[in-house]
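Enquirer: My structure is below; once you've seen it, I'll send some questions.
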Amino acid sequence: MAKQKFYVVWEGKQPGVYGTWAECQAQTDHYTGAKYKSYESRAAADAAYKAGWKGNWGTGASSASGSSKGKPAASRGRSASVETSAEIDYDSISVDVGTRGNPGPVEYKGVDTQTGDIIFSCGPIKKGTNNLGEFLAIVHALALLKKEGSSRTVYSDSVNAMKWVKQKKVATTLPRDASTEEIWILIDRAERWLQSNTYDNKLLKWQTKVWGEIKADYGRK
């Protein structure tokens with residue numbers, strides 16, 4: 001059973017501390033400049049709420065993101081090849097995946113980072129993994145933006161999926177069989193798109209520790 005998280009909303013429809021992602025999302029969707037973040041305990045969430053968002057959200061919590069204060073930078077350590085940013089670019093699409101087991105049924109969606117409005121969704125796909133679903137979501141977003149001639153940024157919270165997009169090929173142990181045929185058809189198509197198309201959109205890592213759950217989150221953690 002997933003450990004419960006607590007969500008602090010500093011700026012939203014009704015600021016406060018909430019015990020579920022659904023409650024937090026209800027206060028932040030369609031709210032311009034919403035500021036929220038998840039915590040592992042009620043005590044930590046209460047303390048952060050009382051302290052205010054400065055020092056707990058965005059650039060004020062640069063130590064949590066591992067980036068230089070106030071400067072866009074590539075993230076350090078194991079995700080060194082993945083780009084991130086010091087502040088949220090709200091002119092963007094955020095993507096995420098929802099699964100029931102890993103591997104298991106997979107669905108994904110892309111939402112407007114500013115409003116939370118769903119831009120596209122897919123699934124459930126019969127069987128796949130978190131990273132494969134995230135990979136498909138990123139490519140879906142990039143292909144849609146290219147078709148629209150849009151320069152919007154794409155955010156993902158999956159380092160592996162972002163690396164696969166850059167490499168234009170997935171690296172997965174998921175077997176090809178009757179149960180995974182559906183997702184492999186989509187993967188093959190996505191890889192072909194990456195190999196035959198270019199894009200100028202920024203693909204950035206969502207900083208969950210700093211900004212809270214990504215806007216497209218399914219709330220199943």
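The values are calculated or read from the model by the stated rules, or taken from the named source; none is laboratory data. Worth saying up front: this structure is predicted, and the values here are computed from it rather than measured. As a convention, Cβ positions derive from the backbone with ideal geometry for all residues, glycine included, and neighbour counts pool all protein chains shown. For the accessible areas, the whole protein counts, side chains as well, though only heavy atoms, and no ligand, DNA or RNA atoms are used. Shrake-Rupley method; radii C 1.70, N 1.55, O 1.52, S 1.80 Å.
Enquirer: Can you name the strands (runs of 3 or more DSSP E) wholly within region 84-150 that have at least 2 residues being touching a Lys or Arg at 6+ places or on another chain (Cβ under 6 Å)?
Expert: Numbers: elements: 92-99, 104-112, 118-128.
Ranges flagged: 92-99, 118-128.
Enquirer: When region 105-119 is examined, which residues are found to be closer than 18 Å to ALA161 by Cα and surrounded by fewer than 18 Cβ atoms within 10 Å (Cβ to Cβ)?
Expert: Of region 105-119, the ones closer than 18 Å to ALA161 by Cα are 105-111.
Hit for region 105-119 is PRO105, nothing else.
Enquirer: Here is a further query. Output the residues belonging to region 151-168 that are surrounded by 23 or more Cβ atoms within 10 Å (Cβ to Cβ) and not in a helix (DSSP H, G or I).
Expert: The answer is VAL154, TYR155, SER156, SER158.
Enquirer: Can you find a residue in region 171-194 that is touching a residue at least 60 places away in the same chain (Cβ under 8 Å), among the aromatic types (Phe, Trp, Tyr) and open to solvent by less than 90 Å² (accessible area, probe 1.4 Å)?
Expert: Step one: of region 171-194, the residues touching a residue at least 60 places away in the same chain (Cβ under 8 Å) are 174, 180, 183, 186.
Narrowing the set further to residues that are among the aromatic types (Phe, Trp, Tyr) leaves none.
So far as region 171-194 goes, no, none of its residues is touching a residue at least 60 places away in the same chain (Cβ under 8 Å), among the aromatic types (Phe, Trp, Tyr) and open to solvent by less than 90 Å² (accessible area, probe 1.4 Å).
Enquirer: Residue by residue through region 87-104, note down the ones that are touching a residue at least 60 places away in the same chain (Cβ under 8 Å) and surrounded by 14 or more Cβ atoms within 10 Å (Cβ to Cβ).
Expert: Residues satisfying the conditions are ILE88, ASP89, SER92, ILE93, SER94, VAL95, ASP96, VAL97, GLY98, THR99, PRO103.
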